[in-house]
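Written below as structure tokens is the structure these notes are about.
The values are calculated or read from the model by the stated rules, or taken from the named source; none is laboratory data. Predicted, not measured: the structure shown is a model, and the values here were computed from it. In this analysis, Cβ positions are derived from the backbone assuming ideal geometry, glycine residues included, and neighbour counts consider all displayed protein chains.
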Amino acid sequence: MTEVATLDENEQNNDAKGFRGVLAHRDFSLLWSGQLVSNIGTAIASLALMFYAYALTGSALSMAILVMAETLPVVAFAGPIGVYIDRWNRKTIMVAADIVRAVAIILIPLTVHFPSFLPTIYWVYILTFVFATANAWFFPARSASIPNLVEGDELIAANSLSQMTFQVVQLVFPPIGGLLVALLAPDYFLAFAINSAAFLFSAVALQGIATDLQPKRDSVIRESLVAQIQQGARYVIGNSILSFLFVFAMLLAVSSGILNALFIPYLEGERALGSTQVGLVLSAGAASGAAAAVYFSRKKEIDRPLYLISSAGLLAGVAVFALVLAFDLLTVMLSWVMIGAVDVILNIPLTVLMQELVEDKLRGRVFALLNVAFTAVQVIGMGIGGVWAEVVVSTGPPMIGAALALTFVSLVGFLAVAKFNLHGRLSKPIEETIESREEIIPIEVPA
């Protein structure tokens with residue numbers, strides 16, 4: 001018993017050391033503190049945005065359009081954005097993105113006072129699109145920067161801390177956001193103002209990072225944007241693990257889009273839940289997500305990560321089935337508990353694998369391309385979900401379809417990992433792509 005207790009104590013010390021270790025890096029702690037505060041603001045304002053837009057229209061299709069406005073910039077711009085993330089200083093990109101997000105989010109509740117030649121909801125769509133465009137710059141730059149701010153064996157702890165931070169914020173603050181939504185309707189200005197101030201705080205924190213986040217390049221390259229995007233794509237295609245991650249994420253994206261588009265209409269329309277109750281549901285999912293993130297933080301490496309990623313689809317399918325069958329607030333919360341855990345089970349292994357597999361000089365492009373691949377298909381899913389719900393006058397059937405698709409995709413993922421022995425390939429040195437083997441000829445740039 002003494003030996004077992006000693007092992008448990010050592011494991012706990014390693015867990016704490018993992019979080020303390022990454023936060024001991026000053027620049028990572030600045031990135032994390034900015035993320036913490038901006039996540040708090042977003043948790044409050046995201047509910048306000050959904051209820052504000054839904055109050056303007058009362059339409060499931062309009063909600064689907066809003067979610068599409070949040071994701072379309074990734075499809076339209078992420079390819080070129082990835083090139084510039086690999087060319088420009090990533091700290092500058094993140095600071096600028098935070099400032100744009102702060103301005104865009106504070107203008108949304110003021111759209112009722114905007115010129116009437118466009119309906120108010122159209123102004124909301126436009127500002128949401130601008131906000132999402134800034135997101136499309138920020139998140140790939142942040143993911144590409146983390147390996148520069150911590151040691152290689154701290155990547156799992158760093159990404160687990162980021163996920164846990166997000167989930168804990170979602171646990172604590174959505175009920176506050178729900179209360180603000182209930183008290184501040186119909187314009188919700190204070191909720192949006194808090195989010196705007198949080199982004200400005202994040203910008204100040206990021207400005208304090210001393211690490212050089214200018215991507216390391218062998219030389220100055222004057223290739224076209226298209227050629228550099230293609231270089232990132234060939235890098236992905238040339239590595240079987242990255243190719244699997246991309247394809248699997250795209251297959252999950254259709255069901256994810258349906259669920260994202262119909263979540264609020266389902267809870268409000270089918271289950272008659274108010275804003276405070278929706279906040280409680282989100283908190284339940286965040287609690288399980290935080291617990292899953294803490295579990296991952298114990299590990300310096302993840303055993304059989306591709307099977308773990310593949311299992312996410314199966315768990316998500318079961319969770320969505322349970323959500324459709326839910327009959328009261330408690331059963332809805334229990335269903336969302338599973339979905340919250342699945343989100344972390346998928347994201348941490350996938351992000352760590354990509355950070356480990358991709359060179360710094362290509363990391364921005366590869367993360368941006370994953371965003372394009374996932375989001376492009378997710379937008380299609382959102383459209384399918386919105387139209388399907390309008391046609392059948394119910395959110396139930398499209399959500400059942402999403403659950404069936406998630407289960408099928410998971411089974412395909414398991415079969416692909418086994419058939420192509422992808423875990424065996426993970427243990428081998430990463431093969432260089434054609435582009436990384438080619439000699440890059442420096443091109444002088446006029447002063």
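Data table
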read-out	value
Test result for ALA191, of a type in the set (A, V, I, L, M, F, W, C) and without any contact (Cβ under 8 Å) to a residue 12 or more places away in the chain	no
Every residue from segment 255-279 that is within 21 Å of the chain's Cα centre (by Cα) and not β-branched (Val, Ile, Thr)	SER255, SER256, GLY257, LEU259, ASN260, ALA261, LEU262, PHE263, GLY279
Index of the failed condition, LEU49 passing every other in (1) surrounded by fewer than 21 Cβ atoms within 10 Å (Cβ to Cβ); (2) out of contact with any Ser or Thr (no Cβ under 7 Å at 6 or more places or on another chain)	(1)
Test: residue in segment 209-224 that is modelled with pLDDT under 80, charged (D, E, K, R) and either touching a helix residue (DSSP H, G or I) at 6+ places or on another chain (Cβ under 7 Å) or within 27 Å of MET333 (Cα to Cα) (or both)	yes
From ALA203, ALA141, residue being of a type in the set (A, V, I, L, M), modelled with pLDDT of 85 or more, more than 18 Å from the chain's Cα centre (by Cα) and part of a helix (DSSP H, G or I)	ALA203
Qualifying positions in segment 230-256 - of a type in the set (Ser, Thr, Tyr), buried (at least 22 other Cβ atoms within 10 Å of the Cβ) and either farther than 30 Å from MET399 by Cβ or in contact with a strand residue (DSSP E or B) (Cβ under 6 Å, 6 or more places away or on another chain) (or both)	TYR235
Among (1) outside any loop (DSSP other than H, G, I, E, B); (2) modelled with pLDDT of 80 or more; (3) not hydrophobic (A, V, I, L, M, F, W, C), the one test that GLY279 misses	(2)
Counted residues, segment 106-127 - those being closer than 19 Å to ALA64 by Cα and touching a helix residue (DSSP H, G or I) at 6+ places or on another chain (Cβ under 6 Å)	7
Candidate set from segment 293-338 (those that are aromatic (Phe, Trp, Tyr) and more than 19 Å from the chain's Cα centre (by Cα)); member that is surrounded by the most Cβ atoms within 10 Å (Cβ to Cβ)	PHE321
Filter result (of a type outside the set (Gly, Ala, Ser) and either more than 14 Å from ALA368 (Cα to Cα) or touching a Pro at 6+ places or on another chain (Cβ under 9 Å) (or both)) within segment 235-244	ILE237, ASN239, ILE241, PHE244
Residue check, ALA132 within 19 Å of the chain's Cα centre (by Cα), more than 23 Å from LEU190 (Cα to Cα) and modelled with pLDDT under 90	no
Test: residue in segment 74-81 that is aromatic (Phe, Trp, Tyr), touching a Pro at 6+ places or on another chain (Cβ under 9 Å) and modelled with pLDDT under 90	no
Residues being within 22 Å of GLN355 (Cα to Cα) and touching a helix residue (DSSP H, G or I) at 6+ places or on another chain (Cβ under 6 Å) - total across segment 65-90	12
Out of GLY285, GLY317, GLY269, sole residue that is in contact (Cβ under 8 Å) with a residue 12 or more places away in the chain, in contact with a Leu (Cβ under 7 Å, 6 or more places away or on another chain), outside any loop (DSSP other than H, G, I, E, B) and not acidic (Asp, Glu)	GLY317
Residue that is nearest to GLY208 (Cα to Cα), among those in segment 74-130 that are of a type in the set (Gly, Ala, Ser) and surrounded by fewer than 20 Cβ atoms within 10 Å (Cβ to Cβ)	ALA96
Failed condition for VAL254, given (1) assigned to a helix (DSSP H, G or I); (2) touching a residue at least 60 places away in the same chain (Cβ under 8 Å); (3) farther than 27 Å from VAL379 by Cα	(3)
